[in-house]
Amino acid sequence: MVKISPVRTTCPYCGTGCGLLVTPDGQGGIASLRGDPDHPANHGLLCGKGMALAETLSMDGRLKQPLIHGRQSSWEEALQQVADGFLSTVQKYGAEAVAFYVSGQLLTEDYYLANKLLKGFLGSANIDSNSRLCMASAVVGHKRAFGADFVPCSYRDLEEADLTVIVGSNTAWCHPVLLRRIRMARQKGAHKRLVVIDPRRTATAEEADLHLPLRAGSDLSLWLGLLHDLQRHQALNQEYLQQHVAVDPEAFALAAAHAGTLAQVAEQCGLSEESIAAFYALFRATPRTVTLFSQGINQSEQGSDQVSAIINVHLATGRLGQPGMGPFSLTGQPNAMGGREVGALATHLTAHLEIERSEDRRLLAEYWQTTRLPKAPGRKAVDLFQDLADGVIKAIWIMGTNPLVSLPNPELAQKGLQRCPLVVISDPVAHTDSSRFAHIQLPAQTWGEKEGTVSNSERCISRQRAFLPPYGDARADWQIIQEVAQRMGFADSFCYTGPAEIFREYAQLTALENHGQRLLDLTALADLAEEEYAQMSPCTWPANESLHPHHSLPRWPLPEGRARLWAVAPRPRSPQADGKYPFLLNTGRVRDHWHTLTRTGVSPRLSKHSSAPFVEIHPQDASQLAIHSGQLLRVANQQGSMLAKARISEGQRRGHLFLPMHWSHSFASQGKCNHLLSSWHDPVSGQPGFKFAYAEVTPVTEYWQGMLLTRQPLQWHNGPFYWSRQALEGSLWMYGLIGLEPLASWSEQSRHWLQPLCKEQESSWIDFVDSGRQHYGCALLQEGALLATLHIGETLPDPQRCSALFAERELSAQQRLALFSGGSAVLVAESRTICACSGVTEEQIRKAVASDPSLSVAQIGATLKAGSFCGSCQGEIKQILAQSQGRRCA
Ligand SMILES: Nc1nc2c(c(=O)[nH]1)N[C@H]1C(S)=C(S)[C@@H](COP(=O)(O)OP(=O)(O)OC[C@H]3O[C@@H](n4cnc5c(=O)[nH]c(N)nc54)[C@H](O)[C@@H]3O)O[C@H]1N2
Ligand SMILES: Nc1nc2c(c(=O)[nH]1)N[C@H]1C(S)=C(S)[C@@H](COP(=O)(O)OP(=O)(O)OC[C@H]3O[C@@H](n4cnc5c(=O)[nH]c(N)nc54)[C@H](O)[C@@H]3O)O[C@H]1N2
Ligand code: SF4
Ligand SMILES: [Mo]
């Protein structure tokens, strides 16, 4: 047997950028996968999502061939139509009428080419990335403070810090390996402290020495208060300020005026004075402090100012540039940082060259040999979709993102796509919420099939390598872009032999006329030969030893090399936040799902932790509204409404709600939380305020409940029942159904709903009615084997038992009977899987504590094996233990 050696690559999920060693099985799958012990991001560690990657390679649902208006076409025809469509739109309406909407899930080489084609050759600056929804406020904060989009920290700093402040980041779920590195460092250094600032008691907060559950949207007060507190206690680093920082004269006065006394800060943040004083005292006393922040800070109407307020306290105390200190913005997507580097944002050129600087435009125009570079920024994501809806943009190419789920106000985005005469979508997946509105769909290769590079949160560039053959006719994004560019007549500038050549061009551009002015300098990588690129090891920029010696901060590209302490103060909120609705609504992520579910949604293991849309609510709020756990609720406000099941949690702040962002129309009816969010965004960064809206919740009358098991997913949209679907073992889908109206005729209705699953003549039905127990069931078979089963009733059968019958090639008479008898699993009371690695449920953990109330997290690990592999669930286990043992944890 031929031995297949492991391929070194990186995980396609979060911006931690973990290295992987993947051994393919030679049949389109993965034989083994483990963390790369030599990768600086993870040193061999992985989280549950990374470990389950093999399960997400399913070819079901992949787009095999290009489609034009839903009809299969050749690549030749599709590429020509894209090229002609964009060119003729530019000729007729000007370059402003075309746009690309791209993604931090593209590789750097894809990103670079997309940007080169649109800005360099079509002359439009309307290329923006979903990173606008994710990192734009951090970019503004960095540029204000450092003169460049530079993250002044590395993961090592997290281990070297004596105090880590995590603010607006659920690191335990969203960057689990980083939290694990922090946890391991804390286990070795007992003096190390962790403060978590988040309205919710998240799994991250569960590990903290101090948790500040502040009122959503009040961070600016907290951080201005800290700056003022540092000044009052003479804890500013005057020497550092004098030597290294240009201070806006208004900065301290504004902080003092806004923050006022500790009591005022406490009032603004909805926290106790003691807890704020404790945090401020820890900060004052601990030089080695890292502040780690993410979407709770960035995704706000005042996101840029919040980022500045955080950076300011580090500048004011000189807490940056040495081991274990600095303001550290986490990137979300695997290549969010790469997109920022190559400038696939409407506000930048590329390689940190600025669109509004004529000298930078000259340099790039000469390098690309073009005369068409735009002189002004293009439209940022939210405005871009407004322009589509207004009919201003007439051709758009969407790559690697699902805007009808992830943008705020998806109705507007949908209107935009419906109105736009040419919508092109490159995606590996055939059916997404967005692809329904595509005129041309192009099958893109995905992780495992493509080659290129990504950059993670600590500016480390790593290779992503292919280990699988491409699926069907799918092509790499760079290749698709190049072929379109060639058909537009730009073949001389788009004739790359592969990603290595694109990377070289980009790296050389970073070095061109640089002389230390641009921190993004890849001189050391500018001449990589094909083989060197193939073998490339992870590398952090600036990668130019002569100008930027390692392990020290570079000289800032600002007057006298000084950083800037920027004056910020709160602005009035947008009219959307007028408080007419009683709850503050917050949205974000769950541990085991990724974004719009196109990947993790196909993994049974990853679907067990959170299997359907839920709304988290505090127990007292729930009891006031007579809401019980698992009940279907309508969450609504002036913008729209959605349905989700109640999840009652003491970790939720009173008066606050939390909704996961993941469920799309493809995975649930009315489960999309962005219907509740308006397009309101930070005026400087353009980043939407996904973490702040007002809403109300009301229980929905549930007329009946049902469970459908099927081999093929159904493309249902809204109907007289609510549904959500979840992947099950055995390549099955399980749909949970809740009737929103009484059911007139069980059998007639059910057959109607399942009709799309019928395979021409060969399908047959079995019905079952037990009117005594108010239970109806039906099964759809083909040649004796099950295609689907539907149960409706007060109690429903055990899905595992039913799904086992799908493995039978032909059901016996007894098995047919077994389909409809026994079992009484009630869907809504289903126990969540807490440990995805070992498949341990919440119920199992509760039972263990019930029999031995003194159990610790470590003992749960030893007995149940929960939390002892990737460790991502340790915070949740701690939470369950605390609740079961009737105490709050530290
Ligand atoms: N499991 C998983 N991991 C992921 C992703 C995923 O989809 N799933 N996506 C990746 C991507 S692209 C991103 S951007 C990152 C995001 O990573 P995170 O930013 O960690 O994730 P979120 O859940 O969006 O939000 C973080 C926290 O902000 C808190 N928050 C809300 N409002 C406020 C506020 O006003 N102040 C403060 N201080 N906190 C607030 C929320 O309660 C939430 O716990 O995750 C990456 N990793
Ligand atoms: N309410 C709310 N909304 C949010 C957020 C929030 O916190 N709350 N967070 C926002 C943030 S931070 C982010 S990053 C966005 C994420 O939102 P999206 O970017 O819309 O989410 P994904 O599901 O990751 O979409 C990626 C798409 O790219 C496809 N894809 C994967 N690999 C490739 C590839 O190599 N090439 C191509 N062409 N396609 C590929 C996938 O199949 C999928 O359809 O959501 C934003 N929306
Ligand atoms: S922390 Fe998990 S999801 Fe993020 S890169 Fe590492 S393995 Fe992947
Ligand atoms: Mo993100």
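Each reported figure results from applying straightforward, stated rules to the coordinates on display, with no laboratory input. Everything numeric in this text was worked out from a predicted model, so none of it was measured. Backbone-built Cβ (ideal geometry, glycine too); neighbour counts: all protein chains shown.
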**Report entry** Cα principal axis extents for segment 1-142, largest first, Å
**Finding:** 57, 46, 22
Query raised in the report: Where does each of ILE4, ILE845, ILE68 land when they are ranked from fewest to most other beta-carbon atoms within 10 angstrom?
Result: ILE4, ILE68, ILE845
Query raised in the report: So what is the relative contact order for segment 4-100, in percent, with contacts set as C-alpha pairs under 8 Å and at least six apart?
Result: 14
Requested in this report: For segment 419-449 and segment 664-734, write down the distance between their C-alpha centroids in whole Å.
Outcome: 21
Query raised in the report: With the Cα gyration tensor of segment 538-634 giving a ≥ b ≥ c as the square roots of its eigenvalues, does the rule (a/c under 1.5 for rounded; else a/b larger than b/c for prolate; else oblate) give rounded, prolate or oblate?
Result: oblate
Report summary line: Inter-part gap, Cα centre of segment 618-656 to Cα centre of segment 840-877, in whole angstrom, is 27
**Report entry** Per-residue Cβ neighbour rank within 10 angstrom, fewest leading, SER679, SER641, SER221, SER745
**Finding:** SER745, SER641, SER679, SER221
Report summary line: Given backbone amide H placed at 1.01 Å from N, residues whose amide H is under 5 Å from that of VAL102, ignoring those fewer than 5 places away on the same chain, are ASP128, SER129, ASN130, MET399
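Can you order the peptides 43-52, 527-536 by their average number of other Cβ atoms within 10 Å per residue, highest first? Can you show the working numbers first?
Working: 43-52: 22.8, 527-536: 13.5.
Result, highest mean first: 43-52, 527-536.
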Report summary line: Taking the alpha-carbon centre of each part, the distance from segment 280-317 to segment 1-45 in Å is 35
Query raised in the report: Put a dot 7 Å past each Cα toward the Cβ at GLU810 and ALA850; how far apart are the dots in nm?
Result: 4.5
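Quote to one decimal, in nm, the extra length available between VAL684 and GLN774 on full extension: 0.36 nm per residue of separation minus the C-alpha distance between them.
Answer, rounded to one decimal: 26.6 nm.
Output the pairs from LYS143/LYS645; LYS691/LYS878; LYS119/LYS415; LYS143/LYS672 with a Cα-Cα distance over 30 Å in this structure; if there are none, say none. If you can, show how the numbers build up before the last one.
Numbers: LYS143/LYS645 42 Å; LYS691/LYS878 26 Å; LYS119/LYS415 26 Å; LYS143/LYS672 34 Å.
Listed pairs above 30 Å: LYS143/LYS645; LYS143/LYS672.
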**Report entry** Two-site label geometry, ARG832 and GLU501: point separation in nm, points 7 Å out along Cα→Cβ
**Finding:** 5.1
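What is the fewest-to-most order of ASP521, ASP473 by other Cβ atoms lying within 10 Å of their Cβ? Mind dumping the intermediate values first?
Numbers: ASP521 26, ASP473 15.
Result, fewest neighbours first: ASP473, ASP521.
I'd like the trypsin sites (Lys or Arg not before Pro) in segment 625-688 restricted to DSSP loop residues with at most 16 other Cβ atoms within 10 Å, sorted by number. Write out the running numbers ahead of the final one.
Numbers: sites: ARG634, LYS645, ARG647, ARG653, ARG654, LYS672; in loops: ARG653, ARG654, LYS672.
Qualifying residues, ordered by number: ARG654.
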**Report entry** Label zone at GLU274, where the point sits 7 Å out along the Cα-to-Cβ direction: segment 199-215 residues whose backbone N lies under 15 Å
**Finding:** 210-213
Query - Cα gyration tensor, segment 236-328 - rounded (a/c under 1.5), prolate or oblate - result: rounded
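What does the extension gain come out to for ARG571 and GLN535, with contour length at 0.36 nm per residue minus their alpha carbon separation?
7.9 nm
Find the relative contact order for the chain and round it to a whole percent, using C-alpha pairs within less than 8 Å whose residues are 6+ positions apart.
Details: 1996 pairs, mean separation 131.9, N = 890.
Relative contact order for the chain comes out at 15 percent.
Quick check: residue separation of THR371 and ASP60 times 0.36 nm, minus the Cα distance between them. What number comes out in nm? Don't skip to the answer; put the middle values down first.
On the way: separation 311, 0.36 × 311 = 111.96 nm, distance 4.48 nm.
Between THR371 and ASP60, full extension yields 107.5 nm more.
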Report summary line: Dividing the mean separation of Cα pairs under 8 Å (6+ apart) by the residue count of segment 578-681 yields a relative contact order in percent of 34
Query raised in the report: If each of GLU843 and THR698 carries a label point 7 Å out from its Cα toward its Cβ, how far apart are those two points in nm?
Result: 3.4
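Counting only helical runs of four or more DSSP H residues, what would the 222 nm mean residue ellipticity of the chain come to if each run contributes -39,500 (n - 2.57) and the total is spread over all its residues?
Values: 29 runs with 261 residues, N = 890.
When only DSSP H runs of four or more count, the value is -8500 deg cm²/dmol.
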**Report entry** log10 of Debye I(q)/I(0), alpha-carbon scatterers only, for the chain at 0.09 Å⁻¹
**Finding:** -0.93
Report task. Taking a cut-off of 16 Å between Cα atoms, list the aspartates and glutamates near LYS380, but don't count ones fewer than 8 places away on the same chain. Result -> GLU96, ASP128, GLU301, GLU354, GLU356, ASP390, ASP682
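State whether segment 152-274 is rounded, prolate or oblate according to the following rule on the C-alpha gyration tensor (a ≥ b ≥ c being the square roots of its eigenvalues): a/c under 1.5 gives rounded; otherwise a/b larger than b/c gives prolate, and the remaining case gives oblate.
Details: a/c = 2.21, a/b = 1.35, b/c = 1.64.
Oblate, since a/c reaches 1.5 and b/c is not below a/b.
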